[in-house]
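Have a look at the structure below before the remarks.
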């Protein structure tokens, strides 16, 4: 059966439900597995006149799929990945997302200062919007920020997100906020500062994760000269 005809993709479109056959067709039978995460595989596909990404969750990670889907349905912001739709099957579930070509982690060495400032402003705006909706993203780091050729970013990976009054586990030692490290999980914030994110390598500030953890709450990290001295 031929794939249903859809209107051209627009970011203001409401998310839709895809059939099992749709998922197979738009990924060309899962031909291009271009990324793998701890909980999901990601395939490149084509839909609505443009490239898209299809994120596949196994049944064991069904709850994470549901959390990410539900939060992305709530959040509409130019710097948050757009949820096009989803598909739920017996043993596997999918999210259909807009496609962005690279992660910030890979592009950090190429960024000049104006581009870096643009990224910081966009990330702060997205985090402010998320927090303003009573949500904590839970896993904010360069590898979970996509960036396009125009140096515009999209925050991704909302499977660890929680409402602000809920329990927040320490997701990533290197990027965890001070209050998460201190186990004060009811007041989670974005980060200890923007520099670790823009350097993309927290080990630049300490020799190990444990050293980073011990230094962040006390404010004793030694920052490098990566950012302009005027700051």
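Odds and ends about this structure:
- Restricting 150, 128 to residues that are surrounded by fewer than 16 Cβ atoms within 10 Å (Cβ to Cβ), modelled with pLDDT of 85 or more, assigned to a helix (DSSP H, G or I) and outside the structural domain of residue 83 (by TED's automatic domain parsing) narrows the list to 128.
- Here residue 28 fulfils each of the conditions (1) in contact with a helix residue (DSSP H, G or I) (Cβ under 9 Å, 6 or more places away or on another chain); (2) part of a loop (DSSP other than H, G, I, E, B) apart from (1).
One line per residue, one yes/no per condition, for (1) touching a strand residue (DSSP E or B) at 6+ places or on another chain (Cβ under 7 Å); (2) closer than 23 Å to residue 75 by Cα; (3) modelled with pLDDT of 90 or more:
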position: 10; (1), (2), (3): no, yes, no
position: 16; (1), (2), (3): yes, yes, yes
position: 21; (1), (2), (3): no, no, yes
position: 25; (1), (2), (3): no, no, yes
position: 30; (1), (2), (3): yes, no, no
position: 34; (1), (2), (3): yes, no, no
position: 42; (1), (2), (3): yes, yes, yes
position: 51; (1), (2), (3): yes, yes, yes
position: 54; (1), (2), (3): yes, yes, yes
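- Among the conditions (1) farther than 24 Å from residue 26 by Cα; (2) more than 10 Å from the chain's Cα centre (by Cα), residue 95 misses just one, which is (1).
The values are calculated or read from the model by the stated rules, or taken from the named source; none is laboratory data. In this text, all values refer to a predicted model and were calculated from it rather than measured experimentally. Every residue, glycine among them, receives a Cβ derived from its backbone with ideal geometry; neighbour counts consider all protein chains shown.
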